[in-house]
Amino acid sequence: MLLPLLLLTTSLATQVPEASLELPELRREDLARWRSHVRPTAKELAFEQIDWIPEFAAGVRESERLGKPMLFWAMNGHPLGCT
């Protein structure tokens, strides 16, 4: 089992060009450009404008009252990804 893993690791390591491992130089002059690249845009934050209903039963009642479908968003784990 160790030999196939070693061969796979060796073949993958030889396929990565050396230049792709270089990180860009971080300079104070580039801070504004990087900040605008990393921060979410207003369009990406549009979901924050939705009046989310955190209780399932209240969401069902509101959906029935308005005659509209309900989006049920369920996830496993902490909502901030802190597990």
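Quick note: the coordinates plus some simple rules give every number you see, no bench work behind them. Computed from a prediction, not measured in an experiment: that's the story for all the values here. Heads up, the Cβs are rebuilt from the backbone with ideal geometry, glycines too, and the neighbour counts pull from every protein chain shown.
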Would you kindly state how much longer the chain becomes between residue 23 and residue 68 on full extension, computed as 0.36 nm times their sequence separation minus their alpha carbon distance, in nm to one decimal? 11.3 nm
Using 0.36 nm per residue, how much length does the chain from residue 31 to residue 76 gain when fully extended, once their Cα-Cα distance is taken away? 12.6 nm
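Starting from the Cα-Cα distance between residue 38 and residue 50, subtract it from 0.36 nm times their residue separation and give me the gain in nm to one decimal.
Numbers: separation 12, 0.36 × 12 = 4.32 nm, distance 2.32 nm.
Result for the pair: 2.0 nm of gain on full extension.
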Protection-proxy order for peptides 34-45, 59-70, each taking the mean of Cβ atoms within 10 Å per residue, highest first: 59-70, 34-45
